[in-house]
Amino acid sequence: MSMRTLPLVFINLGGEMLYILDQRLRAQNTADDNTQKGVWSDDDRKRVMNDIIATMFSKAFMEELLKPQDLYSNRALRTVLTRLAHASIMRLNPASMDRLYELMVMAFKYQLLLCPRPRDLLIISYNHIDTIREFVRDTPSVLNQVDETHRKIIEVYTPLSDGEFQLLRQTLLIFLQDMHVRVSLFLKDKVQNPNGRFALSTTGPVPHGTEVPGLIRMFSSNGKEWKRWEFPTGGSYTSSIRVGSFERFGDRVIRIGTNMYSVTQPEETHTSKNFSQKANSEPNPLAKEELNLLARLLGGMKVQNRNTETGFRVNLFATDQEEEEAGASGGNGDQSFQVINIQATQAVQVNTELARIAGEFTGEPEQTESPEGPSNKGEDLLAMMDELIEL
Amino acid sequence: MYHKEKSIQMKSSASALYNNLSVLRIAPRSLTYFTVVHANMVNMVSASWDGLNYSHRQLQSKEANVATSSSLIMQAAWCVLPSRDILVLTSQKGIQMYESDGSIMVYWHALDTPETQTAQAVFARGIAAVREKYICVGISSGSMLVFDVPIKGSNITLSEVLEEHKESITDLASECSGSQECIADMVSADDSGNLCVWKSGEDFQLLNKIPGFQMSCSSVKLWKGTVVAGYGTGQIRLYEAVTGIVHAEVNAHARWIYSLDIAPFSGLLLSAAEDSLVRVWHLTMTPETNSVEIVHMYNECVTDTQICGAKFCDGDGYAFAVTGYDLSEIIRYTQV
């Protein structure tokens, strides 16, 4: 369908990823728990954020995304996003990446559904860019890349019609269909129901350009209104609020797409799978075309060459004991709420063409041996993505 | 006015597409067929009127073996012709036509895809059976294909290409009152809200062009010479087809309208939108004043659902069915 989905997909999904990573890395810094073997310092956090953002907003990467093309398959998208997440010294194991991906995707689905007008998807994207700009405001070179990309996005997307934006939105909704992972933050705020579906309200301001429902007007053949009356609407709507800014700066007005994690500082966000997700393992193998596209895209990702350090292994739980416990509990989270069995292992190198291509661009050895020196930082604590709600 | 009946479960959920429900009533067999699009395939359910028997069939988009996202189906609809009913599927790749129960594909028309990838998406969308022998299908470029359909067999031919719209076609509708007196046979709508009114024939004739206001018209119907159009702004407008005179304007919904339907014998109108609401209206023609009146009858809120399809199940509007994005059921309502 729409040939223009990819740049917005990466800005929004990538943006959500950055919000989550930023919040978790900050949380490590301020955590009282002394059982952690090491903490991520402010500098480490900024470095990770800078590296990922620099990769995501690099000219080559964005140029590739901006070429008119179909949306990637779920698998391909996940692969690229995993590469992005690993653009720095931080490493996530597959299970952590799973949870991160679920969170990102559900947040984006929520944003798409609640988007007042299809065109407001741009505002949502700009909200992400605005926050990303804040993350790298101390690094002029990366900040410049973000600004450049923002300019380009404005240039490409501003001329699209409302119908084209709706097509774009529909393409993305089809892509996200049948995903109902429950996110504790959404459940708490009652924006998501226990069955995983989002709550859509029938109250509030109407989108800009829409009239408040309830009025019927009749016209005579010379164009004059000769009768008007009202009908009960079953909702309670108010007039639209002002339009947000579609420029590089300005009041966006719409809050969807802003960093919802910054508000929930101490709390961790959990996800749980109640219903089986749309199968990742579709019998449909990655078509050769897609692989080529992907290779070009990954080729456009310049990862900073950090020869001094190797990747740090990521643990999912605060202590070794918890890790063992997690490993012990079985279940595969099918229909009921269960703790998903998490293997705190190193990222397994997937033996595919893609991984080979991906490996060529890290400039680092893919195997992550135990780091020396500041080794404690390797015991990372992105545990929030792996704990589940048990109800 | 209506109450909810038992829903029909589908094999997969409905996609967020305009007019994503088609209903075919087969009186001789006491059956109703429903089709709903899910990404690159179509769910077809046949339901017996006694509510006891349901059977399912799934139709694939042609050339669905390549990456999923490039062979999405945009719409599936039945075309009722005097001698046969044809199920038409429009996708990014082309147009598939089946015998009414979906068992045999009788025709395939591939869309021209450009050599190099352009930013303009390529797909077919908008399906209507016109008079006795035509099936019209819209294209993303704005063109419309007119197919000539024989009484039986697969010798379907492309009769004409209508080039009038400049934006992607969103929906097509043919005169559904059954009256032979109406001059206009078909109306076409596009992404900028422009409406074209046509007379069918060996060469289709453009009778009128009703300009849009840069807002997509996602669903359109034609009844007794009146065009009923639903827009992305949530408005419904009624026009006199051949003159373009506006009869009425309704601030009907708070979000994008996705589906309109008319029950031709009673003049009931059904509208459904992303705002979770289905509304039933009544249209009355007043020949003396040459006007059409629209009166609101009923609301139904499908909680937490962005509705993508709503159709009457019969010509009187005694029952209607609704589909919503991500929902795997067809929700039904009947008059009390």
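The values are calculated or read from the model by the stated rules, or taken from the named source; none is laboratory data. Worth saying up front: this structure is predicted, and the values here are computed from it rather than measured. We place every Cβ from the backbone using ideal geometry, glycine too, and count neighbours over all the protein chains shown.
Odds and ends about this structure:
- The one condition in (1) within 29 Å of B:Met285 (Cα to Cα); (2) within 14 Å of another protein chain (Cβ to nearest Cβ); (3) crowded, with 18+ Cβ neighbours inside 10 Å; (4) aliphatic (A, V, I, L, M) that B:Leu222 fails to fulfil: (2)
- With respect to being buried (at least 23 other Cβ atoms within 10 Å of the Cβ) and either over 17 Å from the mean Cα position of the chain (by Cα) or among the polar types (S, T, N, Q) (or both), B:Asn53 falls outside the description.
- Any hit, segment B:125-135, residues being closer than 19 Å to B:Gln60 by Cβ, touching a residue at least 60 places away in the same chain (Cβ under 8 Å) and surrounded by 17 or more Cβ atoms within 10 Å (Cβ to Cβ): yes
- The listed residue being closer than 29 Å to A:Arg151 by Cα, in a helix (DSSP H, G or I) and modelled with pLDDT of 80 or more, out of A:Arg4, A:Arg24, A:Arg47: A:Arg47
- Residue list for segment B:235-254, filter: touching a strand residue (DSSP E or B) at 6+ places or on another chain (Cβ under 6 Å), in a loop (DSSP other than H, G, I, E, B) and at the interface with another protein chain (Cβ under 7 Å from one of its Cβ atoms): B:Ala252, B:His253, B:Ala254
- Candidates B:Leu72, B:Leu17 - the one that is within 14 Å of chain A (Cβ to nearest Cβ) and at pLDDT 95 or above: B:Leu17
- Residue that is surrounded by the fewest Cβ atoms within 10 Å (Cβ to Cβ) [pool: residues in segment B:299-322 that are assigned to a strand (DSSP E or B) and more than 14 Å from chain A (Cβ to nearest Cβ)]: B:Ala319
- Criterion: touching a Leu at 6+ places or on another chain (Cβ under 7 Å) and either within 7 Å of chain B (Cβ to nearest Cβ) or of a type outside the set (Val, Ile, Thr) (or both) - qualifying residue of A:Phe231, A:Phe198: A:Phe198
- Of the residues making up segment A:72-88, those that are of a type outside the set (S, T, N, Q) and buried (at least 21 other Cβ atoms within 10 Å of the Cβ) number 8.
- Scope segment B:171-213; condition closer than 30 Å to A:Thr210 by Cα, exposed (fewer than 15 other Cβ atoms within 10 Å of the Cβ) and either modelled with pLDDT of 95 or more or not aromatic (Phe, Trp, Tyr) (or both); matching residues: B:Lys209, B:Pro211
- Criterion violated by A:Gln177 - all others in (1) more than 29 Å from B:Gln92 (Cα to Cα); (2) within 8 Å of chain B (Cβ to nearest Cβ); (3) in a loop (DSSP other than H, G, I, E, B) satisfied: (1)
- Picking from residues in segment B:280-296 that are part of a strand (DSSP E or B) and surrounded by fewer than 16 Cβ atoms within 10 Å (Cβ to Cβ), the one that is nearest to the other protein chains (Cβ to nearest Cβ) is B:Val295.
- Residues of segment B:323-333 satisfying the condition of being part of a strand (DSSP E or B) and within 14 Å of chain A (Cβ to nearest Cβ): B:Thr323, B:Gly324, B:Tyr325, B:Glu329
- All positions within segment A:202-248 that are farther than 30 Å from A:Tyr126 by Cα and of a type in the set (A, V, I, L, M): A:Leu215, A:Ile216, A:Met218
- Tally of residues being outside any loop (DSSP other than H, G, I, E, B) and more than 9 Å from every other protein chain (Cβ to nearest Cβ) across segment A:156-167: 2
- Residue list for segment A:201-221, filter: more than 7 Å from chain B (Cβ to nearest Cβ), surrounded by 17 or more Cβ atoms within 10 Å (Cβ to Cβ) and not in a loop (DSSP other than H, G, I, E, B): none
- Scope segment A:134-148; condition free of Cβ contacts under 8 Å to residues at least 60 places away in the same chain and surrounded by 19 or more Cβ atoms within 10 Å (Cβ to Cβ); matching residues: A:Leu143
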